[in-house]
Amino acid sequence: MVTSVTNFGRSGAYDWMVQRVSSIVLALYFAFMLGVFVFNPSMDYATWSALFSKTWMRIFTLAALVALAAHAWVGLWTVTTDYLKNGAVRFLVQALCGLVMFVYFVWGVEVLWGLNG
């Protein structure tokens, strides 16, 4: 059985499942947001703010952020493992990608749930 760093010792099937589930969440979020823009062509700040003031929308967006981070990590880990054969270079690239994804995730949570002040 091949284990993977991406999932702390579980099998590659776990990575596969993370990719599939996260892609479904992202597709649903994208379709919903597309619908919002199509059915509200004159979207203004008040409408946008009202949409994101609802708890269900914040939770849906948070789920999309988590899905994006998980999907990106598994994908980037796979690509760097396949193409970067030097262990030190691979580690540095993965660490940098992980740090950037973490910063983007925290920033997204701050924008989503931050105080309005």
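FYI, it's all coordinate maths here, none of it is from the lab. Nothing here was measured: the structure is a model prediction, and the numbers come from that model. Here the Cβ is made from the backbone with ideal geometry for all residues, glycine too, and neighbour counts use every protein chain on show.
Some points to look at:
- The C-alpha atoms of the chain define a longest principal axis, and helix 12-39 lies at about 20 degrees to it.
- With the convex hull drawn over the C-alpha atoms of the chain, the volume per residue is 131 Å³.
- Leu92/Ile24 FRET efficiency (R0 30 Å; Cβ-Cβ; nearest 0.05): 0.40
- Most to least packed among 59-70, 12-23 [average Cβ atoms within 10 Å]: 59-70, 12-23
- Axis of helix 87-113 versus longest Cα principal axis of the chain: the two differ by about 20°, to the nearest ten degrees.
- Highest-first packing order for the peptide set 77-85, 37-45 is 77-85, 37-45, based on the mean count of other beta carbon atoms within 10 Å.
- The chain: angle of helix 55-83 to the longest principal axis, Cα-based, in degrees nearest 10: 30 degrees
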